[in-house]
Amino acid sequence: MKKGLIGIIVVVAIIALFGMWYVNTNNTLVEMKGEATKQWANVESSYQRRSDLIGNLVKTVQGAADFERGTLTDVIEARAKATATNIDANNLTPEKMAAFQEAQGGLTGALSKLMVVVERYPELKANQNFLDLQSQLEGTENRINVERNRFNGLAGDYNIKIAKIPTNIIAGLANFDPMSLFSSNAGAENAPDVNFDFN
C-alpha cells in the first residue's frame, strides 16, 4: 500500500513539475513575442512618420517653379505603395517581410532621386520649410534604422529561444512560430555609385 501511495505521489509531483515548467516556458515565450510585436509597432510608427513628412516635403517642392514633375510623381506613387503595404505583426512571414521591405525600399529610392534633383534648385534648397523637412526626414531615417535593429534583436532572441531544446517542444505544442527579421536590400553590400553629372 505504501509503495502504491509513494508511486502516485511521485507521478503527481512529476506531472506538477512538468505543468509548472510548461506554464513558465509558455509565459516566457508569450512575453518575448509580445515585446517583439510591440517593437514592430515602433517600426511601423517610424515608417508612418517618414510617410507623413514626405507628404509635406512633396507639397513644399511642388511650389518650386519648373520642378521636374516626373520625380514628384515617382515619390508620390512610391509613398502610396509603401503605405498600402502592411503586415500583421503576428504573421511576419519571409514573403510578407520581403514585400514590405521592397515597398519601403522603393520609397527610399524615389526620395533619394528627389534629393539629387533638388540640388539643381538653389531657391528650393534655401527654403526654410524645405530645410526643416529635410532635417526631420534625416532624423526619421535614423530612427527607422534604430527601431528596425531593436526589432531584429527582440525577434532574434525569441527565434533562438523557440529553437532551443527543450523549449522547442512547448513552442511546437503552443504554435509559437519564428518571426521574420529585416535584412539588407539586395546590393546593399556594394558601395553606392555617386554621380554628380546632372546632364
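Only one residue in Lys59, Lys96, Lys33, Lys2 is within 30 Å of Gln134 (Cβ to Cβ) and not polar (S, T, N, Q), so which one is that?
When all the criteria are applied, what remains is Lys59.
Here is a check on your reading of the model: is Thr71 under 26 Å from Tyr121 (Cβ atoms), assigned to a helix (DSSP H, G or I) and over 27 Å from the mean Cα position of the chain (by Cα)?
Working: under 26 Å from Tyr121 (Cβ atoms): yes; assigned to a helix (DSSP H, G or I): yes; over 27 Å from the mean Cα position of the chain (by Cα): no.
In short, no.
Do we have any residue at all in segment 23-45 that's touching a helix residue (DSSP H, G or I) at 6+ places or on another chain (Cβ under 6 Å), under 24 Å from Glu102 (Cα atoms) and open to solvent by 40 Å² or more (accessible area, probe 1.4 Å)?
There is at least one residue in segment 23-45 that is touching a helix residue (DSSP H, G or I) at 6+ places or on another chain (Cβ under 6 Å), under 24 Å from Glu102 (Cα atoms) and open to solvent by 40 Å² or more (accessible area, probe 1.4 Å).
Name the helices (runs of 4 or more DSSP H) wholly inside segment 98-181 in which the number of residues that are within 19 Å of Ile76 (Cβ to Cβ), out of contact with any strand residue (DSSP E or B) (no Cβ under 7 Å at 6 or more places or on another chain) and open to solvent by less than 50 Å² (accessible area, probe 1.4 Å) is 2 or more.
Hits in segment 98-181: 128-163.
Among the numbered conditions (1) among the β-branched types (Val, Ile, Thr); (2) under 19 Å from Gly34 (Cβ atoms); (3) surrounded by 14 or more Cβ atoms within 10 Å (Cβ to Cβ), tell me where Thr85 comes up short.
(2)
Enumerate the pairs (first residue in segment 146-175 and of a type in the set (D, E, K, R); second residue anywhere and part of a helix (DSSP H, G or I) and surrounded by fewer than 17 Cβ atoms within 10 Å (Cβ to Cβ)) with beta-carbon separation below 6 Å, excluding pairs fewer than 6 apart on the same chain, so at least 6 apart or on different chains.
Taking only residues 6 or more apart or on different chains, the pairs are Glu147/Asn42.
What number goes with the only condition from (1) at pLDDT 90 or above; (2) within 25 Å of Leu133 (Cβ to Cβ) that Gln39 does not pass?
Only one criterion is unmet by Gln39, namely (2).
Just the residues that are over 20 Å from Asp52 (Cα atoms) and of a type in the set (Val, Ile, Thr), please, taken from segment 112-138.
Val116, Val117
Going residue by residue through segment 6-16, is there one that turns out to be modelled with pLDDT under 85 and open to solvent by 70 Å² or more (accessible area, probe 1.4 Å)?
Within segment 6-16 (the criterion being modelled with pLDDT under 85 and open to solvent by 70 Å² or more (accessible area, probe 1.4 Å)), the answer is no, since none of the residues qualifies.
The values are calculated or read from the model by the stated rules, or taken from the named source; none is laboratory data. Everything quoted here is computed from the prediction, not taken from an experiment. Quick reminder, even Gly has a Cβ in these numbers, built from the backbone with ideal geometry, and neighbours come from all protein chains shown. SASA here: full protein model, heavy atoms, side chains in, ligands and nucleic acids out. Shrake-Rupley method; radii C 1.70, N 1.55, O 1.52, S 1.80 Å.
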